[in-house]
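Visitor: Take this structure first; my questions come after.
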There are 2 protein chains.
Amino acid sequence: MGGERAPECVVEGVARFVADDRATDVGLVGRPEVLRPLLGGMPRGRVEVIPATEVIEDADQPALAVRRKPDSSIAVGLSEVKAGRGDAFLSCGNTGALMAGGLFAFGRLPGVRRPALGSPFPDLVHPPHRWFMLDIGANMDATATDLCTYAVLGSVYARLAMGVERPRVALLNVGTEPHKGNEVAKKAHELLRDSGLEFAGNIEARQVFAGPVDVVVCDGFVGNIVLKSVEGLAAALAGAIREELMAGPVGRAGALLVRSQLRRAMRRLDYTAYGGAPLFGLAGLCVKCHGSSGAEAVSSGLRLTRDLVSRGLLPAMATALADLPRRPAEPTRPAEPAGPGWQPG
Amino acid sequence: MGGERAPECVVEGVARFVADDRATDVGLVGRPEVLRPLLGGMPRGRVEVIPATEVIEDADQPALAVRRKPDSSIAVGLSEVKAGRGDAFLSCGNTGALMAGGLFAFGRLPGVRRPALGSPFPDLVHPPHRWFMLDIGANMDATATDLCTYAVLGSVYARLAMGVERPRVALLNVGTEPHKGNEVAKKAHELLRDSGLEFAGNIEARQVFAGPVDVVVCDGFVGNIVLKSVEGLAAALAGAIREELMAGPVGRAGALLVRSQLRRAMRRLDYTAYGGAPLFGLAGLCVKCHGSSGAEAVSSGLRLTRDLVSRGLLPAMATALADLPRRPAEPTRPAEPAGPGWQPG
């Protein structure tokens, strides 16, 4: 029921997925009267409707929504997985509610203080390479240890989902030298250097789009702002290009010739087409697809989810976290949020 | 002596400035044997060479450089202003050294805990409007009070330098609701709401490029990362557009027609051409121009500096800071940097 193009595109994505994968069954959680009429062409017995009468809207306050709507598709789907009737839960819905519900249903992996959100990013200059950034907006006040945890989780993810043997992990910072950055970044640099990961050091925001690393780690506040800067700048730049092209007859003529090329260049930026990413740090597997996902993004999200299950993402993460060198506890930050401890951007 | 195109472009910028402004004299600080031969066409008596034998390089550690090179152009220039033989100092050199030297020479305005750096940004969609962001990289661990101070300083600057009667100030954040963001941002939102400024609330990074406000306030860590994201994304996107256009004959033909339009669109992003910005919070006027400034940027930086002096930027800032409602002291953050307390990005 979640996402801007639900339920039609979600159901269509499921149809594409089950047509292609004969070994994985899918449960569609939501209002039966809405979902059943859409299941026409599905192979018999492969797609089950799991009834949930309520829907969490994007405008709902995440933590409240999960508690107040226990029969929502998110809450019901998570309970199904928790009860062992499913291996993973995928949603295009309210990210915050999914995180709150996932925390409530599964708890955290040992060693994780706060979960994180991640997103694949395109490497604009060399299209085949993709990199991954976390946290993009779950943990607003990350400690150095949190950042180190995210590096471990991101590294396991890059290995299992992106097929990188030994993923290079970097810390987003204002300069490449170890002494650069705020107090948290300086401390995180130290922890990462001693983490046993393939730590590539600090990376500046101007370097990330040239894709020299596989995983970029940052605070959820900073990550969310970078993500939205990219969106905002891309939209503004597309507008500026359009204005300049349309300002005269030569530009208008040229625009007819280069329209599809420009569109392709801008589309390299569109990280929403990449089929989602798991919530990092939960003890159960929840994959979040972008709210604007179409059928292709949903079916690619389902393939990703299936692969993460079969490749054992969660056990691999638990092992990697246990292997992290133990450190004396760091001082916690002064004021911890009173709420559930996370916040979607 | 500072900047990538010094001394030629700096001297040429001075020449253009004094040709245009007959009431303002300029002292050029640096190596006389290098500068004197470049002064050929200058009007007599308007441009004085102030000898300084040392040069702080961009690679120098800022705080050390100012102490170890007391006869550097930055140190000598600042002393001249401190001694009352000048009203303001402009530099295209090492930002960190300028900040360290400026702090040492002038100290801070009352009420300022840590100075900030600012930069004008283009509003890509409606070219005539420019907005201003601070801090872009001086104060890596800003408190909520620091952010409120920057809002006051930025607001005075927007009024005197950009001519905005009642500047709209916003707080860069991950969402527009007051409860969004990290602990510092939440607290800063409260302080700004009660500050008496024209506070437009939180602004998301995707909105800033559409220019709905005049001043955007953020932590130096976040601001520097946003600035560099913009640079990195613009460069990567320009590369992607070039690749797509050059991939086929139609694109190549179209590219010939639209080259100048695309260049104009990308140039709207080029905030380095805007003639610099003062260091915010110092008790003396230091204007920093971008290291890659050409003659036009230098002469526009000089015009800006002259205007900031004649319009009384520093007294106006001092007054505005004194007018800020008094607040109980906020808890300081756990670990303060041991160094001079600022860091260039």
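The values are calculated or read from the model by the stated rules, or taken from the named source; none is laboratory data. Please read these numbers as outputs of a predicted model, since none were measured by experiment. Here Cβ is always computed from backbone atoms with ideal geometry, including for glycine, and neighbour counts include all displayed protein chains.
Visitor: For B:Val309, indicate whether it is buried (at least 19 other Cβ atoms within 10 Å of the Cβ), at pLDDT 90 or above and away from chain A (no Cβ under 14 Å). Before you say what the answer is, go through the steps one by one.
Guide: Numbers: buried (at least 19 other Cβ atoms within 10 Å of the Cβ): no; at pLDDT 90 or above: yes; away from chain A (no Cβ under 14 Å): yes.
It is false that B:Val309 is buried (at least 19 other Cβ atoms within 10 Å of the Cβ), at pLDDT 90 or above and away from chain A (no Cβ under 14 Å).
Visitor: Still on this structure, I have one more. Tally time: how many residues in region A:236-254 are crowded, with 18+ Cβ neighbours inside 10 Å and either more than 7 Å from every other protein chain (Cβ to nearest Cβ) or closer than 18 Å to B:Gly239 by Cα (or both)? Explain how you work it out, then say what you get.
Guide: So the first thing to find is which residues in region A:236-254 are crowded, with 18+ Cβ neighbours inside 10 Å, and the list is A:236-238, A:240-241, A:243-245, A:251, A:254.
With either more than 7 Å from every other protein chain (Cβ to nearest Cβ) or closer than 18 Å to B:Gly239 by Cα (or both) added as a condition, the list becomes A:236-238, A:240-241, A:243.
Number satisfying all stated conditions: 6.
Visitor: Considering only region B:127-150, state which residues are farther than 13 Å from B:Val226 by Cβ and among the charged types (D, E, K, R).
Guide: Matches in region B:127-150: B:Arg130, B:Asp141, B:Asp146.
Visitor: Among (1) surrounded by fewer than 21 Cβ atoms within 10 Å (Cβ to Cβ); (2) of a type outside the set (Asp, Glu); (3) part of a helix (DSSP H, G or I); (4) in contact (Cβ under 8 Å) with a residue 60 or more places away in the chain, which single condition is B:Gly111 missing?
Guide: Of (1) surrounded by fewer than 21 Cβ atoms within 10 Å (Cβ to Cβ); (2) of a type outside the set (Asp, Glu); (3) part of a helix (DSSP H, G or I); (4) in contact (Cβ under 8 Å) with a residue 60 or more places away in the chain, only one is false for B:Gly111: (3).
Visitor: Of all residues in region B:133-155, count the ones that are surrounded by 24 or more Cβ atoms within 10 Å (Cβ to Cβ) and of a type in the set (Val, Ile, Thr).
Guide: 3
Visitor: Looking only at region B:150-186, which residues are outside any loop (DSSP other than H, G, I, E, B), more than 12 Å from chain A (Cβ to nearest Cβ) and among the hydrophobic types (A, V, I, L, M, F, W, C)?
Guide: Looking only at region B:150-186, we keep the residues that are outside any loop (DSSP other than H, G, I, E, B), and these are B:150-162, B:168-172, B:183-186.
So of that shortlist, the ones also more than 12 Å from chain A (Cβ to nearest Cβ) come out as B:150-162, B:168-170.
Selection gives B:Ala151, B:Val152, B:Leu153, B:Val156, B:Ala158, B:Leu160, B:Ala161, B:Met162, B:Val169, B:Ala170.
Visitor: Only one of B:Asp87, B:Asp123 is acidic (Asp, Glu), surrounded by fewer than 23 Cβ atoms within 10 Å (Cβ to Cβ) and at pLDDT below 95. Can you tell me which? Write out each step before concluding.
Guide: Details: B:Asp87 fails: at pLDDT below 95.
Result: B:Asp123 is the single residue among B:Asp87, B:Asp123 that is acidic (Asp, Glu), surrounded by fewer than 23 Cβ atoms within 10 Å (Cβ to Cβ) and at pLDDT below 95.
Visitor: Output the residues belonging to region B:191-226 that are closer than 16 Å to A:Phe221 by Cβ and more than 7 Å from chain A (Cβ to nearest Cβ). Show your work before the answer.
Guide: Of all residues in region B:191-226, those closer than 16 Å to A:Phe221 by Cβ come to B:202-206, B:208, B:216-226.
Within region B:191-226, B:Asn202, B:Ile203, B:Val216, B:Val217, B:Cys218, B:Asp219, B:Gly220, B:Gly223 meet the criteria.
Visitor: Could you tell me which numbered condition B:Arg268 fails, if it satisfies all but one of (1) under 24 Å from A:Thr176 (Cβ atoms); (2) within 14 Å of chain A (Cβ to nearest Cβ); (3) not hydrophobic (A, V, I, L, M, F, W, C)?
Guide: Of everything listed in (1) under 24 Å from A:Thr176 (Cβ atoms); (2) within 14 Å of chain A (Cβ to nearest Cβ); (3) not hydrophobic (A, V, I, L, M, F, W, C), B:Arg268 misses just condition (1).
Visitor: Whether any residue in region A:14-29 is buried (at least 24 other Cβ atoms within 10 Å of the Cβ), closer than 30 Å to B:Pro178 by Cβ and of a type outside the set (S, T, N, Q) is what I want to check.
Guide: no
Visitor: So which residues in region B:187-202 are among the acidic types (Asp, Glu) and farther than 15 Å from B:Leu153 by Cα, if there are any at all? So that I can check it myself, show each step before the final result.
Guide: Taking region B:187-202 and keeping what is among the acidic types (Asp, Glu), we get B:190, B:194, B:198.
Residues satisfying the conditions are B:Glu190, B:Asp194.
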